[in-house]
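Please read the structure below before turning to the comments.
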């Protein structure tokens, strides 16, 4: 299963370093398949490896701005 | 230390809404986590929710102490009030005990397989039930009981509509009826004992 391997390799990089302590997720669409779940998680984790990915320091302000 | 201590701490608030920054700070100040990165993503198309990854980083920077860092990925297209629910819910996982954590490749693999496997109707209802229970946990934190009670008379008499309560607490409107149910009150009281 390609997407699952991609996700596991994003979470457990072969070069080591950070150690996973806990992983949890929250699903709204209960018809999601394993392949879709893994693809979306892997895409998000890989996207945020880039320094340019948005990291929110003030979560209240971010959500407030989304509201307007 | 648990969600209960956090709920008790919120009794000091005079008015809603509960700030997610304040929850984050309270959790960090008590050493549950060193740093929380909130990461909005457009990659959750069908999934719709959130993903929490907590990691132990042995060497975050030269000469720095090891850090426990959490990344909370959440769907940037969610309505703002739902973002508050999912971000709060994920932060509550910092109170997870050792046996509730998922941290090995095998555990992650099983968690995903179990979620996405073809389910019987009962299994599916159980999953959905678990998710609703998790949202209620977040609601107990985002809507402290003393603040819910502050508006009860006006809400129950119809002077304040659901939309206004939702706006005050910054929660989804569909959760307001739950907020004023006897079940929610019992659950919230349990956390204050």
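The values are calculated or read from the model by the stated rules, or taken from the named source; none is laboratory data. Everything numeric in this text was worked out from a predicted model, so none of it was measured. Using ideal geometry, Cβ is built from the backbone for each residue, glycine included, and neighbour counts are taken over all protein chains shown.
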Give the number of residues within segment A:31-44 that are at the interface with chain B (Cβ under 7 Å from one of its Cβ atoms), assigned to a helix (DSSP H, G or I) and in contact with a helix residue (DSSP H, G or I) (Cβ under 7 Å, 6 or more places away or on another chain). 4
Verdict on residue A:23 being at the interface with chain B (Cβ under 7 Å from one of its Cβ atoms), at pLDDT 85 or above, part of a helix (DSSP H, G or I) and under 15 Å from residue B:51 (Cα atoms): no
Being more than 8 Å from every other protein chain (Cβ to nearest Cβ), assigned to a helix (DSSP H, G or I) and free of Cβ contacts under 8 Å to residues at least 24 places away in the same chain, is that true of even one residue in segment A:5-13? yes
Qualifying helices (runs of 4 or more DSSP H) (wholly inside segment B:70-175; at least 3 residues being within 7 Å of chain A (Cβ to nearest Cβ) and modelled with pLDDT under 90): B:105-116, B:121-142
Select from segment B:176-191 the residues that are in a loop (DSSP other than H, G, I, E, B) and without any contact (Cβ under 8 Å) to a residue 24 or more places away in the chain and list them in ascending order. B:181
What's the number of the condition residue B:46 fails, among (1) crowded, with 22+ Cβ neighbours inside 10 Å; (2) within 7 Å of chain A (Cβ to nearest Cβ)? (1)
Within segment A:18-57, which residues are over 15 Å from residue B:40 (Cα atoms), touching a strand residue (DSSP E or B) at 6+ places or on another chain (Cβ under 7 Å) and surrounded by fewer than 17 Cβ atoms within 10 Å (Cβ to Cβ)? A:19
